Amino acid sequence: MLSLKLSRALAQGRAVRPEPPSRAALLAMLLRKRAAAHNVGAEELEALLRDQIRWSLPIERNPASAE
């Protein structure tokens, strides 16, 4: 019961993180986090962030380049 009260208190005290204003801002945030993970040697976290970065990259289909 005490752990439930503690978790509720923590949840109420956490600040709500605002959503990134754009896809570019999200990508910049992920790149900064990946660089920080690289600097501390967190290889698994860095690999996870690389996957997220790849996913967040914009994909533009240009029919002229297919020719």
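The values are calculated or read from the model by the stated rules, or taken from the named source; none is laboratory data. Being a predicted model, the structure only gives us computed values, none of them experimental. No Cβ is skipped: glycine too gets one built from the backbone with ideal geometry, and neighbour counts run over all protein chains shown.
Report, ordered by the first and then the second residue, all pairs with beta carbons closer than 6 Å, sequence separation of six or more or different chains, a first member in the range 41-60 that is under 18 Å from residue 22 (Cα atoms), and a second member that is exposed (fewer than 15 other Cβ atoms within 10 Å of the Cβ).
none
Condition first: among the aliphatic types (A, V, I, L, M) and either in contact with a strand residue (DSSP E or B) (Cβ under 8 Å, 6 or more places away or on another chain) or modelled with pLDDT of 90 or more (or both). Now tell me which residues in the range 43-67 satisfy that. Please lay out each step first, then the result.
Of all residues in the range 43-67, those among the aliphatic types (A, V, I, L, M) come to 45, 47-49, 53, 57, 59, 64, 66.
Answer for the range 43-67, where residues must be among the aliphatic types (A, V, I, L, M) and either in contact with a strand residue (DSSP E or B) (Cβ under 8 Å, 6 or more places away or on another chain) or modelled with pLDDT of 90 or more (or both): 45, 47, 48, 49, 53.
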